[in-house]
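The values are calculated or read from the model by the stated rules, or taken from the named source; none is laboratory data. In this text the structure is predicted, and so the values were computed from the model without any measurement. Glycine gets a Cβ as well: all are built from the backbone with ideal geometry, and neighbour counts include every protein chain shown. Please note that ligands, DNA and RNA were not included when accessible areas were found on the heavy atoms of the full protein model with its side chains. Shrake-Rupley method; radii C 1.70, N 1.55, O 1.52, S 1.80 Å.
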Amino acid sequence: MAQPARPAAAYRSQNGAGQQPYSNGPVQNQLMHPSDGQGYSPSVPGAYSHQMPAKVPPHQSSGQYNYSGSQIASQLNNYQGPGQILNRPPVAPLSGSPVQQTGSVPQVLPPALQNSAAVSSAGGFPPGASPPVLSNWQYSQTPVSHPAGSQTSHLAHVAGTASAQPPPSSLSGNTNPPGSYQYAASPGGPPLQNSYMKPGSAPPPVTQPLPPLHPPSRPPLGPPPVGGPPLIRPSALTAAPPSNSASQSLLNSSANRDGDATSTASDGSVVQNSYDAIEGGGLMATTHPSPAPPNLKMGRSVGYSYPNLPPGYQNTSPPGAPGMQTPALQYPDGSKPFHQPPLGPNHLTASMGGLSLQQEGLRPVNLLQERNILPTTLLQAPVPNLHEDIQKLNCNPELFRCTLTNIPQTQALLNKAKLPLGLLLHPFKDLSQLPVVTSSTIVRCRSCRTYINPFVSFLDQRRWKCNLCYRVNDVPEEFMYNPVTRAYGEPHKRPEVQNATIEFMAPSEYMLRPPQPPVYLFVFDVSHNAIETGYLNTVCKTLLDNLDLLPGNTRTKIGFITFDSTIHFYSLQEGLSQPQMLIVSDIEDVFIPMPENLLVNLNENRELIQDLLKTLPQMFTKSLETQSALGPALQAAFKLMSPTGGRISVFQTQLPSVGMGALKSREEPNQRATAKDIHLTPSTDFYKKLALDCSGQQVAVDLFLLSGQYSDLASLGCISRYSAGSVYYYQSYHHKHNPVQVEKLQKELKRYLTRKIGFEAVMRIRCTKGLSIHTFHGNFFVRSTDLLSLPNVNPDAGYAVQMSVEESLTDMQVVSFQSALLYTSSKGERRIRVHTMCLPVVTTLSDVYLGADVQAITGLLANMAVDRSVSASLSDARDALVNAVIDSLSAYRSSVLSIQQPGLMAPHSLRLFPLYVLALLKQKAFQTGTNARLDERIFTMCQVKNQPLVYLMLMTHPNLYRVDNLTDEGALNINDRTIPQPPILQLSVEKLSRDGAYLMDAGSVMFLWIGKNCGQNFISQVLGVPNYGSVPQNMTHLPELETAESIRTIAFISWLREQRPFFPILYIIKDDSPLKSSFLQNMIEDRTESALSYYEFLLHIQQQVNK
């Protein structure tokens, strides 16, 4: 979303644009960052989870873990027999939850009435002017950092019990002014923490009833036919609420097969969950800090519950309820009452009736007749149907996006629509502008712990109503002063209430221990196979070149381990003339020799570190050792990192063969096609258990797999998935035989080493009362039901969650969602990045379809399909994807279309849904056929679970451009460069002309296809060769020529590359090129050996819909 321009002084640029490098450290709710200035600026929303139909498999045997990134708060799987669908029952609210609003609820305050320009007016204080004396408040360009040595007794604060608090008088009908009561919170202290558990104690066991079994909505379908007539679809059974029929069961089957979300370390001890008390107000939140009795029974099996109200609040009418008059309030300080109009129906865009937006979004499209439905420009996220003053404050969809921008009022309405409800997040995205607030008091709801945001309502100057749980809260005295306008008495104009994305500098109460230094440990495979690939030269050189750019400060530490069949440590003790190698050959019981000299200060030992990086590639060139002890090496790395936490970067080139975690090959080359026999589950739980141990000690593991042979990524990937790390895969990496991979590794490693990083992070997503979150997707571990543990958080990671409507949203016109990321920056600052999104509630099926976000839906379905592939089978996941399309279009046809028409009708908002699902079926993660290596398939599944939506969509449905006739018409001008904007073409060979040249952008790879009769001008002016026959077979770079055509083409390709955090290789191909098959494989609309064309797929869908 475009935000008003802000003066430099008002906000601290996050990237360090103000001459400061960007701050990489733990922040509590950090979601956004500026571009890193390196040419790769990660962007885009998080992954999306979706629900799909599927068979529920029997429980996996021990040792088999669900590879997918989704983790569900509780065990939701019960085997029901073949073809049956597990449905999640409606869950009763926690007893004593807040009283439902009976009258009209004052809703979101229209930002325009709040003078939203205040944020962009005067920034900071003019030079020489002294700010008003408010000792403990700062709103500064340079956030206050916490000294490394400062002892933080935050736990003592957090656990402080609330002294008796008289309830706000206005809620119980008293006429006493608000000045007559106070909350007993220490000035500047932490917000009151609400938790059933003591900080640091394990969460209490949650006893939850098993869901009742409902009849299946229908037997799952097989995939669309490869040839011959379309499948006959079994008669559809009525769907049982509250499951989303076809789309729901796909997700349900992915319920956490790893057991309850309260985590257990490998030694059997329960992982400590102190962060839950700090971040506060999750599923277990309550206003009483005493620990829950051990036999506590909770009414909800999953999702969010809202805490009990203090005694004085119960059984009282909310403000504005029928039969009650809110007394006129008097202020002891003489302030005048503050009048804020509640958000009424007139603040939602008119009535949702005769809008042009509605007519376009609901216009029926006959997909069999309208062939050219793909937009020629990039598809934008739909704009929620909100009053413009509210919408302009809403969160940027690149950061926070919902599959439905119109939220159905009831679960029954959601079930009827047959569409998944979920959120896609890109919380730590690099941002060019981010407001940073430094204050001793962070204003949060006392009940649900929501951070104050643009969508709360102010009842008057002294009270605000939470937009998630509707609790009325006091406005703290210091919040009355606005540091931007330097005015008093305008809390609604504060930056926190004017920005949907904001970052707080967290006080010491948000720390469990003083911020640790940034620690980076590199673990290298140096077996004969690894040395042969030549990767070590590239990695060591890239690391040498970027040592000064590693995020951190004067405390940054670094260390190195290498391994083959033994483990080698490197002492970098001050005073040594050269690094000293220490070899540990006992890999069954790994110990750490001289631990104090293995992780050393980067600045103080720079010369020794540089010497080691220069000599390391040559040290093992004569080695004949072929064994790989990856497991023991990771155990050693974990022991070394445990005291501080940090990041382990491990480079592996083969299947681990000795010691703990040794693996055996499971890939049969001739059986790649048989979807039933592929091994998508881990063969051992060693890597998952080690990852959970790492997560408990704030250590994340990033895996770089550089291998031409099968390496069982399904097992190895667990080390990154559960520790919030990343996986990189370079298939058949070799410095001589595959030189194009060398450049890719260099570019991506540079981005990896220098990008922003947050340590010791936790993330929680909150939503308005009545909605609940039940499944998470991404790389993390779920603690205490809804708190995501992220030992490291990086700006290139996306996340997704699935949601349901647990209680009817009656009388609500809008609902809100808020993500909060608490992390430590690389500079040692504790920070919280908060994103808040507001969406309207609707009561009709046509409005639900009107607000469908087809890209978000596709992203969420892809996440769910990965889970389904792992928990059931690949064919089940494919069936579920197809059924999601059939079900939604059937529901639209039967319930929304007033006049039945021949053909396959879809609402305009879902016109691309069948095309995107067909693209998913042809993607490497889900395709059938022999051409997908198992590790390649698993890696693509990793990307689906961990990539922000923008990159996921590009990988699923590439963009095709004609580039032999680029012009400056409609071009962008960026930094004095002219970037042509050619139209996007449909992915079909019929769109290709032999007279042209076409660029296909498939995300991580690009193809430039040159037609046989391509104009001589393009061949000579862009490719720099005399004729078509002279174009080399393995060309991967365009020469930089001084011609207008060359400049335009290179500018366009460079611009595409700069917008992503990975480096796409460019392959220039001709008709006789061996890579032509890969290019044609991405022509989604054309038929392939194992998949239907788009038109055949539509006919199949039509036959099923019309039954």
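Here the condition is being open to solvent by less than 40 Å² (accessible area, probe 1.4 Å), among the basic types (Lys, Arg) and under 37 Å from the mean Cα position of the chain (by Cα); of ARG1060, ARG1048, ARG1087, it holds for ARG1060 alone. Of all residues in segment 592-627, exactly one satisfies the criterion of being open to solvent by 50 Å² or more (accessible area, probe 1.4 Å), of a type in the set (Val, Ile, Thr) and over 19 Å from ILE567 (Cβ atoms), namely THR621. Contact annotation: no residue pair with Cβ atoms under 7 Å, 6 or more positions apart or on different chains, pairs a residue in segment 607-625 that is free of Cβ contacts under 8 Å to residues at least 12 places away in the same chain and assigned to a helix (DSSP H, G or I) with a partner that is hydrophobic (A, V, I, L, M, F, W, C) and surrounded by fewer than 12 Cβ atoms within 10 Å (Cβ to Cβ).
Applying the condition of being open to solvent by 10 Å² or more (accessible area, probe 1.4 Å) and within 20 Å of SER711 (Cα to Cα) to segment 907-939 and asking which residue is nearest to the chain's Cα centre (by Cα) yields PHE939. In segment 390-399 there is no residue that is of a type in the set (Lys, Arg) and farther than 30 Å from ASN794 by Cα. Quick check on my filter: what residues within segment 532-546 are within 16 Å of LEU612 (Cα to Cα) and either among the β-branched types (Val, Ile, Thr) or in a strand (DSSP E or B) (or both)? Across segment 532-546, the qualifying residues are THR538, VAL539, THR542.
For segment 842-868, the set of residues classified as assigned to a helix (DSSP H, G or I) and among the hydrophobic types (A, V, I, L, M, F, W, C) consists of LEU845, VAL848, LEU850, VAL854, ALA856, ILE857, LEU860, LEU861, ALA862, MET864, ALA865, VAL866, listed by residue number. Can you name the residue in segment 849-897 that is in contact with a Lys or Arg (Cβ under 6 Å, 6 or more places away or on another chain) and of a type in the set (Asp, Glu) and is also modelled with the highest pLDDT among such residues? My answer is ASP887.
Only a single item in (1) acidic (Asp, Glu); (2) at pLDDT 95 or above; (3) within 22 Å of LEU972 (Cα to Cα); (4) open to solvent by 10 Å² or more (accessible area, probe 1.4 Å) is not met by GLU1096, and it is number (3). Filter segment 448-481 for residues that are part of a strand (DSSP E or B) and among the acidic types (Asp, Glu) and give the result. Within segment 448-481, ASP460, ASP474 meet the criteria. If you take the residues in segment 392-414 that are among the polar types (S, T, N, Q) and closer than 26 Å to GLU807 by Cβ, which one is surrounded by the fewest Cβ atoms within 10 Å (Cβ to Cβ)? Here the answer is THR410.
Residues in segment 778-803 that are open to solvent by 10 Å² or more (accessible area, probe 1.4 Å) and more than 15 Å from the chain's Cα centre (by Cα) were compared, and the one that is nearest to GLN697 (Cα to Cα) is ARG783.
Could you tell me whether any residue of segment 908-918 is aliphatic (A, V, I, L, M), in a loop (DSSP other than H, G, I, E, B), touching a residue at least 12 places away in the same chain (Cβ under 8 Å) and under 24 Å from LEU889 (Cα atoms)? Yes, segment 908-918 contains at least one residue that is aliphatic (A, V, I, L, M), in a loop (DSSP other than H, G, I, E, B), touching a residue at least 12 places away in the same chain (Cβ under 8 Å) and under 24 Å from LEU889 (Cα atoms). The condition (being more than 19 Å from VAL699 (Cα to Cα) and crowded, with 21+ Cβ neighbours inside 10 Å) is satisfied by just one residue among LEU572, LEU630, LEU576, LEU634: LEU572.
Scanning segment 998-1034 for residues that are in contact (Cβ under 8 Å) with a residue 24 or more places away in the chain and among the β-branched types (Val, Ile, Thr) returns VAL1005, ILE1010, VAL1022, VAL1031.
For the structure I just gave you, tell me whether LYS429 is in contact with a strand residue (DSSP E or B) (Cβ under 7 Å, 6 or more places away or on another chain) and under 25 Å from LYS756 (Cβ atoms). Criteria met by LYS429. Whether any residue in segment 484-493 is more than 30 Å from CYS466 (Cα to Cα), at pLDDT below 95 and open to solvent by 50 Å² or more (accessible area, probe 1.4 Å) is what I want to check. The answer is no, given that none of the residues of segment 484-493 is more than 30 Å from CYS466 (Cα to Cα), at pLDDT below 95 and open to solvent by 50 Å² or more (accessible area, probe 1.4 Å). Tally the residues that are buried (at least 16 other Cβ atoms within 10 Å of the Cβ) and under 24 Å from ASN973 (Cβ atoms), restricting the search to segment 1009-1042. Residues flagged as buried (at least 16 other Cβ atoms within 10 Å of the Cβ) and under 24 Å from ASN973 (Cβ atoms) within segment 1009-1042 amount to 5. Within segment 869-901, take every residue that is in contact (Cβ under 8 Å) with a residue 12 or more places away in the chain and not in a helix (DSSP H, G or I) and give me the one that is surrounded by the fewest Cβ atoms within 10 Å (Cβ to Cβ). Ranking the qualifying residues of segment 869-901, first place goes to GLN901.
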